[in-house]
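First comes the structure, then the notes that go with it.
Taken together, the values in this text are just the output of simple stated rules run on the coordinates, not laboratory data. All of these numbers come straight from a predicted model, not from anything done at the bench. Ideal geometry is used to build each Cβ from the backbone, glycine not excepted, and the neighbour counts take in all protein chains shown.
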Amino acid sequence: MDVISSPGLYPLHRCKTLHLVRHAQGVHNVEGEKDHAAYLSESLFDAHLTPLGWQQVDHLRKHVHETGLSKKIELVIVSPLLRTMQTAVGVFGSEGYKDGIDVPPLMVENAGESNRPAISSLNCPPFVAVELCREHLGVHPCDRRKSIGEYRPVFPAIDFSLIASDEDNLWEANSREKNEEVAVRGMKFLNWLWTRKEREIAIVTHSGFLYHTLSVFGNDCHPSVKSEICTHFANCELRSVVIVDRSMMGSDPATTNYPGKIPSGLDLPSDVADEKLLNDGEGK
């Protein structure tokens, strides 16, 4: 049978569902499309969302609630840049924050020139910031992050504990990360996901990171599936994919499998009995 046309079959506990999201429109997207040289401007350092970007967030938020996706997600992983964190909390956070509720907000009021009320973390999945899913590193100031010390008061309920350095030591002014290096980092990120127990995960990240990471996949699929995986994301686009553990990286046991034969009894299948009879006959 043709490999491309044959279906794949994997144990459920060796799969994770990933909901991949590119951040909403940032000020750097607007200025960079007008003039590519704007990407070198310090005025776009750690770019925030535009008013249109926040409208895109509202529309995606409505979609994830209407489809029931908001109730399925167990973890939100976010690149630790302002535009991705604004998108993540706006889409997957709770309703407006109210004083007196004994939970920290995901985002304080008017964070990053948003002109938005605070966003609550009540009844939300955990939000974890991870450096591995950042955009291309280097040269463009819009892809350089602030210190974690500056982010924590603005996004109090996001977990920054996995980030090793307070300052951005990964970004270099004179060296831009190559596409191949982004793909390698993307694979490292996907391998890291298997250390997590969560099975349904939202990841809010960047166009370049998604494109170069996903381009590694789909070579064993029909060309239309390959193109579905390996095209650039629009601002605030969401695609849901399943990732499969083919190399036994994950160690979580199956939670829905059931061993059967309880109570125990005779259960030899007829085809096994036929084979056993044939083998016994040949052995005489």
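Miscellaneous remarks
- Region 143-160 versus region 20-74: alpha-carbon centroid distance in Å: 17 Å
- Region 191-284 - percent relative contact order, Cα under 8 Å, separation 6 or more: 27 percent
- In the chain the longest region clear of GluC sites (Glu not before Pro) that are loop-assigned by DSSP and have at most 15 other C-beta atoms within 10 Å covers 168-284.
- Across the options L132, P105, S43, the greatest Cα extent toward the positive end of the charge dipole of region 7-145 (unit charges at beta carbon of Lys, Arg, Asp, Glu) belongs to L132.
- Each DSSP beta bridge with both residues in the chain is either parallel or antiparallel, and the antiparallel ones are about 45%.
- Per-residue ³J(HN,Hα) for region 109-120, Karplus 6.51 cos²θ - 1.76 cosθ + 1.60, θ = phi - 60°, Hz, x for Gly and Pro: 4, 6, 5, x, 6, 7, 6, 10, x, 4, 10, 7
- Here the Gaussian network model covers the chain, with springs between Cα atoms less than 10 Å apart; of L193, L162, L81, L162 fluctuates the most.
- Size of charge dipole - region 12-255 - debye, nearest 20, with Cβ of Lys, Arg +1 and Asp, Glu -1, no other charges: 740 debye
- Note on region 12-255: dipole from Cβ charges, positive end direction compared against H65, V204, N219; the farthest Cα belongs to N219.
- Residues in region 7-24 carry Karplus couplings, in order, of x, x, 9, 9, x, 4, 6, 9, 10, 10, 9, 10, 10, 8, 10, 8, 4, 6 Hz; the curve used is 6.51 cos²θ - 1.76 cosθ + 1.60 with θ = phi - 60°, and Gly or Pro positions show x.
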